[in-house]
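Below you'll find the structure, written out as structure tokens, and then a few comments.
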Amino acid sequence: MHNDHALVEARLDRFVRDHVHPAVYRDPRSVTVSAWQVPREPVPFAEAVQNPFEPVAVGWRWGRAWSTVWLHVLADLDPDWVAAARRAGGAELLVDFGYNRSRSGFQAEGLGYRPDGTVLKSIAPLNSWLPVDLDSDRFEVYIEAAANPDVAGDYTFEPTPYGQWDTAPDEPLYSLAQLELAIRDLEVWELAQDIWTLRGLMRELPEGSSRRHNILRAFEDCLDLVDPDDVSGSAAAARRRLDAVLSQPAAASAHSILATGHAHIDSAWLWPLRETVRKCARTFTNAMSLMDDYPEFVFSCSSAQQYAWMKEHHPQVFARIAEKVAAGQWVPVGGMWVESDTNMPGGEAMARQFIAGKTFFLSEFGVDCREAWLPDSFGYSAALPQIVAEAGEQFFLTQKISWNQINRMPHHTFTWEGIDGTRIFTHFPPVDTYISELSGAELAHAERNFSEKGRASMSLVPFGWGDGGGGPTREMVAAAARTADLDGSPRVTIGSPAEFFEAAHAEYPGAPVWRGEMYLELHRGVFTSQLRTKQGNRRNEALLREAELWATTAAVRAGAEYPREALRDAWHTVLLLQFHDILPGSSIAWVHREAEERHATVTDTLNATIERSIRALVGPSDAPDARPLRANAVASARGEVAALAIGHDPADQSATVTVDEGEDGVVLDSASLRVVIGRDGRLRSLRGRDGREAIAPGHGAAALRLHRDLPNLWDAWDLDEHYRRTVTELAAEHDGRVERGDDGSATVVSRATIGASRATPTVIEQRVTLRPGSSELDLEYRIDWHETEKILKLAFPLDVHADDVAAETQFGHVRRPTHTNTSWDAARFEACQHRFLHVAEPDWGVAIANDSTYGYDVDRTTRADGGTTTTVRFSLLRAPRFPDPDSDQGMHVLRFRIRPAASIGDAVRMGQALATPLRSVVGTHAVEPLVSSSHDAVLIDTVKLAEDGSGDVIVRLYESQGKRASTELTAAFSHRALVLTDLLERPRSDAEPSADGVSVSLTFRPFQLRTVRFVR
Ligand SMILES: [Zn+2]
């Protein structure tokens, strides 16, 4: 036979485009449309319909960016047309708001309402219709149309004015392109779906396969059978011909795919939080209308926050969700409050993501999620396996790691081991997307790409439009039905993630192990972008801990009321703002300005809570016997004040800081620490009591370095390796003056200016402070930042020979190499730390704590003297211009604290102390700690009252240094029993610890996390 394959395929494409698709709808009928323009922010249905609607028509220009228009659509239904529609399979309202691209979730969207205010279905590109009830002689709907701008456009990453209401242009963005009723020909639509699936499959089959040619010739016959002048009348015959190839069963060895309906809805990103509330309503409504039409359809939906939004703003949608959950078609997954970032949230916050999410799903639906669901977060912390397991989950799902630039993750189904040794069964879908449309190309890629072939046979595919929501369509459900058992294709079954995980786990007990973090080799700038958002997170994490501690202490000791609701609300806000495009700094300006405001409100609330609780404990400040006290909320003693206690801390009158003018600069000496600060502001020497020099010879530490920061793509997200090639060393200057504090501390102030000739230069003030008797040096940076597309680093070249550094993560630390031996090490050229970094030889190290900074890098050089310089550099500020053109502009304050001769335990304590300074208070009573731990490595991280309102005290502890430790946990309040629990405060099956009523012995493995409930 002559080879005409390409010609047949080209004929198919043209015929489908020109004849099959246009024949799906016919006999259009016009409608009457009127509109009401919402003045600014969205309003509910009941309020909208009270307003005067003005007539509009197709062609109407509408939609200033972020505005909302309500449309009222009316039509009388002609009985003959209705009869024809019934014969064809139905009728629909076709809507085109004036979309200019095919992707769903990034342009105008709408939600249709019946006249009684109940929601009907949403409208978005590729799902742009509303159902028409043929039992009525009249059609009437309201549509809330949101003029969301396409902020990213073609991803040129140009600065956009569309990221805030006030900077966006006033011109309308859209033109109403279509609004009419039409008869939908079901048989033609089914034919289109047959062709789409078979065509997609055919193109993935080898050129030489018989199956490919069987499909090709079936298409050729099918095209002959379809009459272009009567597609409707000839579609059935064409489908019968295709059925010969559609009905051939899959091979015995075919890959199995569990497809689960899904809609990735970023809780904020290129749209503000308020728009996500509406995106959820639209997406969820669509998912539920699919459930009504297709009983086999299952929808997996994460993020308790998004459900909570429905409960608050769309109670009818929420009520329907509850019904669908009960029916098993709607599956809450993940058990987190939002799909958060997992690199930056602190330990307790990471735990609370699961606690808050699971508590919501349990209380609203009785559902206990078994799988963590994080398809899109930017890398996965090595602390997660333990946190996930402690939350009572068995499985983990990720997808994003397929975005790695350099190294390919070797496994798709594996066991993931965390810092403490906890292992969790994990799947990384080989389809390489969480927004599948179940195309032939995607299904074939899933099978080809699957690393576990030969040992395992199944993978998971989340299908449905996403990022901006949208979710599954009837076309995707049709594709799933056609690939359930189709020769040449993986076998597709619709189901839930838990079904997949159970089956996958059962068939693959020997799954390979991945140990440690899943570092994403991309988006390395997200540890630094939008500093204010990050500082709000860090600050409020510390304040939440402090507020819960003092509120619990006040409740137990003074009978004060526990501010349960206020604390829960504060947590929910902080957890929401940890969403994987908010905390990383990759959202539009609107989102980050709002995040800063919300963080500020939480800070005020928590400070008020803390002050009220402490006041209840220490008594009046104006009593005759009142005296200065200090509240120490961290897990280690400070001065004379015990951990978690409030006490008197008399200043050591003998301790001083001497100031000398040395040859290299100003010398500050506290007797425990001696530092030389050069005239350029750099630390020329730093020695602790043991006299060993911390700074590498010939270098200055605390060196400010300014780099170009021009990533190839993804400006707010990415820091590309080439940033290192251009650097300006910033010389600061100080005038030799030394400021003396009331406490006897000495501060040397230096200033550096960038762009002095500009109208708004960047000015950096560095304040180096040594306190009397202190072994630690404080560094404060007050930066008025006016750069664009630059990154500011703060470098510490240390005279330490270290193969790795310890960087704090949740409930412990990770070690990352200082070298680039492997491509994995080389790709990790910017990483995440929490409150400290520790660089050490076996018995001597340097600890550097910070109050604001997550991004850092490290490298090593060998000096002429043979010694090794290990240089750590912290990323202070960036200034990307997309998606927020003004990101990071203005004033910032960042703090560091450095200590030579520091152990890992010192580093842990420094990080906590910098995050939670001592609070000065005047009162009559010192306060003993409620609980204490005898081992300095086992830290009491959280003290709170139980979520169940019982008044029980919950204490969360972890081993913080990476070693085995036994501790005596002592409770200084009466309690009836002590129970080990999971994160959700549910009893664990472990044997009860032996307790004598006052203290209990607990043994911890390295980095182990435990939760104890004191029953009162
Ligand atoms: Zn996302």
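Please go through segment 300-342 and pick out each residue that is in a helix (DSSP H, G or I), touching a His at 6+ places or on another chain (Cβ under 9 Å) and within 15 Å of the ligand (Cβ to nearest atom).
The answer is GLN305, and nothing else.
Would you be able to tell me the number of residues in segment 261-291 that are over 16 Å from TYR113 (Cα atoms) and either within 16 Å of the ligand (Cβ to nearest atom) or buried (at least 24 other Cβ atoms within 10 Å of the Cβ) (or both)?
The number of residues fulfilling the criteria is 15.
Report every pair of residues separated by at least 6 positions or lying on different chains whose Cβ atoms are under 9 Å apart, first residue within segment 821-848 and without any contact (Cβ under 8 Å) to a residue 24 or more places away in the chain, second part of a loop (DSSP other than H, G, I, E, B) and open to solvent by 10 Å² or more (accessible area, probe 1.4 Å).
Cβ pairs passing all conditions: THR822/ASN407; ASP825/HIS819; ASP843/SER903.
I'm trying to understand the selection: among the residues of segment 45-104, which are among the aliphatic types (A, V, I, L, M) and farther than 26 Å from ASP133 by Cβ? Reasoning before the result, please.
Of segment 45-104, the ones among the aliphatic types (A, V, I, L, M) are 46, 48-49, 56-58, 65, 69, 71, 73-75, 77, 82-85, 88, 91, 93-95.
Selection gives ALA65 alone.
Identify, from the list ARG751, ARG758, the residue that is assigned to a strand (DSSP E or B), surrounded by fewer than 18 Cβ atoms within 10 Å (Cβ to Cβ), over 35 Å from the mean Cα position of the chain (by Cα) and not hydrophobic (A, V, I, L, M, F, W, C).
ARG751
Failed condition for ARG423, given (1) of a type in the set (D, E, K, R); (2) within 16 Å of the ligand (Cβ to nearest atom); (3) over 15 Å from the mean Cα position of the chain (by Cα), with all others met?
Only one criterion is unmet by ARG423, namely (2).
Which condition number does GLY510 fail, the rest of (1) open to solvent by 40 Å² or more (accessible area, probe 1.4 Å); (2) closer than 29 Å to PHE299 by Cβ; (3) in a loop (DSSP other than H, G, I, E, B) being met?
The single condition GLY510 does not satisfy is (2).
ALA192 - would you say it is under 30 Å from the mean Cα position of the chain (by Cα) and in contact (Cβ under 8 Å) with a residue 60 or more places away in the chain?
On the way: under 30 Å from the mean Cα position of the chain (by Cα): no; in contact (Cβ under 8 Å) with a residue 60 or more places away in the chain: yes.
Against the criterion (under 30 Å from the mean Cα position of the chain (by Cα) and in contact (Cβ under 8 Å) with a residue 60 or more places away in the chain), ALA192 does not qualify.
Considering only segment 796-833, state which residues are surrounded by fewer than 21 Cβ atoms within 10 Å (Cβ to Cβ), among the hydrophobic types (A, V, I, L, M, F, W, C) and farther than 30 Å from ARG1005 by Cα.
Across segment 796-833, the qualifying residues are ALA826, ALA827, PHE829.
I'd like to know if segment 343-357 contains one or more residues that are outside any helix (DSSP H, G or I), within 16 Å of the ligand (Cβ to nearest atom), open to solvent by 10 Å² or more (accessible area, probe 1.4 Å) and in contact with an Asp or Glu (Cβ under 6 Å, 6 or more places away or on another chain).
No - not one qualifying residue is present in segment 343-357.
List every residue pair whose Cβ atoms lie under 8 Å apart, where the two residues are 6 or more positions apart in sequence or sit on different chains, the first residue falls within segment 576-588 and is small (Gly, Ala, Ser), and the second residue, located anywhere, is within 13 Å of the ligand (Cβ to nearest atom) and open to solvent by less than 10 Å² (accessible area, probe 1.4 Å).
From segment 576-588, the pairs are GLY585/VAL526; SER586/HIS523; SER586/VAL526; SER586/TRP717; SER587/ALA268; SER587/LEU270; SER587/ASP581.
I want to confirm something. Restricting to segment 18-40 and keeping residues that are of a type in the set (Val, Ile, Thr) and touching a strand residue (DSSP E or B) at 6+ places or on another chain (Cβ under 9 Å), which single residue is most open to solvent (accessible area, probe 1.4 Å)? Spell out the reasoning first.
Quick first cut of segment 18-40, residues of a type in the set (Val, Ile, Thr) only: 20, 24, 31-33, 38.
Of the ones still in play, those that are also touching a strand residue (DSSP E or B) at 6+ places or on another chain (Cβ under 9 Å) are 24, 31-33, 38.
Numbers: VAL24: 12, VAL31: 27, THR32: 92, VAL33: 13, VAL38: 1 Å².
My answer is THR32.
Sort out which residues of segment 300-328 are in contact with a strand residue (DSSP E or B) (Cβ under 7 Å, 6 or more places away or on another chain) and among the hydrophobic types (A, V, I, L, M, F, W, C), and write them in order of number.
Within segment 300-328, CYS301, VAL317, ILE321, VAL325 qualify.
In segment 133-148, which residues are open to solvent by less than 20 Å² (accessible area, probe 1.4 Å), over 32 Å from the mean Cα position of the chain (by Cα) and under 18 Å from PRO44 (Cα atoms)? Explain how you work it out, then say what you get.
First pass over segment 133-148, keeping only residues open to solvent by less than 20 Å² (accessible area, probe 1.4 Å): 139, 141, 143-148.
Then keep just the ones that are over 32 Å from the mean Cα position of the chain (by Cα); that gives 139, 141.
Within segment 133-148, VAL141 is the sole residue that qualifies.
Among the numbered conditions (1) open to solvent by less than 10 Å² (accessible area, probe 1.4 Å); (2) within 18 Å of ARG740 (Cα to Cα), tell me where ALA645 comes up short.
(2)
Restricting attention to segment 251-299, report how many residues are in a helix (DSSP H, G or I) and either under 16 Å from VAL331 (Cα atoms) or touching a strand residue (DSSP E or B) at 6+ places or on another chain (Cβ under 8 Å) (or both). Explain how you work it out, then say what you get.
Residues of segment 251-299 that are in a helix (DSSP H, G or I), as a first pass: 273-293.
In the following step, the residues that additionally are either under 16 Å from VAL331 (Cα atoms) or touching a strand residue (DSSP E or B) at 6+ places or on another chain (Cβ under 8 Å) (or both) were identified as 275-276, 278-292.
Counting residues in segment 251-299 that are in a helix (DSSP H, G or I) and either under 16 Å from VAL331 (Cα atoms) or touching a strand residue (DSSP E or B) at 6+ places or on another chain (Cβ under 8 Å) (or both) gives 17.
The rows are residues; the columns are (1) open to solvent by less than 10 Å² (accessible area, probe 1.4 Å); (2) part of a loop (DSSP other than H, G, I, E, B); (3) away from the ligand (no atom under 16 Å from the Cβ); (4) modelled with pLDDT of 95 or more.
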{"position": "TRP550", "(1), (2), (3), (4)": "yes, no, yes, yes"}
{"position": "HIS572", "(1), (2), (3), (4)": "no, no, yes, yes"}
{"position": "ASP581", "(1), (2), (3), (4)": "yes, yes, no, yes"}
{"position": "PRO584", "(1), (2), (3), (4)": "yes, yes, no, yes"}
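Report the residue count in segment 91-122 for those that are in a loop (DSSP other than H, G, I, E, B), charged (D, E, K, R) and within 31 Å of the chain's Cα centre (by Cα). Spell out how you get there, then give the answer.
Of segment 91-122, the ones in a loop (DSSP other than H, G, I, E, B) are 97-108, 114-118.
Then drop every residue that is not charged (D, E, K, R), which leaves 101, 103, 114, 116.
Subsequent filtering for residues that are within 31 Å of the chain's Cα centre (by Cα) retains 101, 103.
Residues that pass the stated criteria total 2.
For every residue, the table says whether it meets (1) open to solvent by 60 Å² or more (accessible area, probe 1.4 Å); (2) in contact (Cβ under 8 Å) with a residue 12 or more places away in the chain; (3) not small (Gly, Ala, Ser).
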{"site": "ALA694", "(1), (2), (3)": "no, yes, no"}
{"site": "ALA701", "(1), (2), (3)": "no, yes, no"}
{"site": "PRO711", "(1), (2), (3)": "no, yes, yes"}
{"site": "TRP714", "(1), (2), (3)": "no, yes, yes"}
{"site": "TRP717", "(1), (2), (3)": "no, yes, yes"}
{"site": "GLU721", "(1), (2), (3)": "yes, yes, yes"}
{"site": "THR726", "(1), (2), (3)": "no, yes, yes"}
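List pairs: first in segment 377-391 and more than 16 Å from LEU522 (Cβ to Cβ) and among the charged types (D, E, K, R), second open to solvent by 10 Å² or more (accessible area, probe 1.4 Å) and away from the ligand (no atom under 16 Å from the Cβ), Cβ under 6 Å, 6+ apart or cross-chain?
GLU390/ASP982
What tally of residues in segment 858-882 results from selecting those that are assigned to a strand (DSSP E or B) and in contact (Cβ under 8 Å) with a residue 60 or more places away in the chain?
10
Answer yes or no: is there a residue in segment 763-772 that is assigned to a loop (DSSP other than H, G, I, E, B), open to solvent by 20 Å² or more (accessible area, probe 1.4 Å) and closer than 29 Å to THR656 by Cβ.
Residues of segment 763-772 assigned to a loop (DSSP other than H, G, I, E, B): 771-772.
Checking the rest, the ones that are also open to solvent by 20 Å² or more (accessible area, probe 1.4 Å) come to 771-772.
With closer than 29 Å to THR656 by Cβ added as a condition, the list becomes 771-772.
There is at least one residue in segment 763-772 that is assigned to a loop (DSSP other than H, G, I, E, B), open to solvent by 20 Å² or more (accessible area, probe 1.4 Å) and closer than 29 Å to THR656 by Cβ.
Among the listed residues THR398, THR413, identify the single one that is open to solvent by less than 20 Å² (accessible area, probe 1.4 Å) and within 16 Å of the ligand (Cβ to nearest atom). So that I can check it myself, show each step before the final result.
On the way: THR413 fails: within 16 Å of the ligand (Cβ to nearest atom).
Result of the check over THR398, THR413: THR398.
If you go through segment 211-240, how many residues are of a type in the set (Lys, Arg) and surrounded by 20 or more Cβ atoms within 10 Å (Cβ to Cβ)?
Looking only at segment 211-240, we keep the residues that are of a type in the set (Lys, Arg), and these are 211-212, 217, 239-240.
Keeping just the survivors that are surrounded by 20 or more Cβ atoms within 10 Å (Cβ to Cβ) gives 239.
Result for segment 211-240: 1.
Tell me, which strands (runs of 3 or more DSSP E) lie completely within segment 901-974 with 3 or more residues that are in contact (Cβ under 8 Å) with a residue 40 or more places away in the chain?
Working: elements: 919-923, 931-933, 938-945, 953-959, 965-971.
Result: 919-923, 931-933, 938-945, 953-959.
Can you tell me which residue within segment 450-481, out of those that are acidic (Asp, Glu) and away from the ligand (no atom under 16 Å from the Cβ), is surrounded by the fewest Cβ atoms within 10 Å (Cβ to Cβ)?
To start, the set of residues in segment 450-481 that are acidic (Asp, Glu) comprises 452, 467, 475.
If we keep only those that are away from the ligand (no atom under 16 Å from the Cβ) as well, we get 452, 475.
Numbers: GLU452: 20, GLU475: 16.
Among those residues, the one meeting the criterion is GLU475.
The values are calculated or read from the model by the stated rules, or taken from the named source; none is laboratory data. A quick note: this is a predicted structure, and the numbers were derived from the prediction, not measured. In this analysis, Cβ positions are derived from the backbone assuming ideal geometry, glycine residues included, and neighbour counts consider all displayed protein chains. Keep in mind that these areas ignore ligands, DNA and RNA; they rest on the heavy atoms of the full protein, side chains included. Shrake-Rupley method; radii C 1.70, N 1.55, O 1.52, S 1.80 Å.
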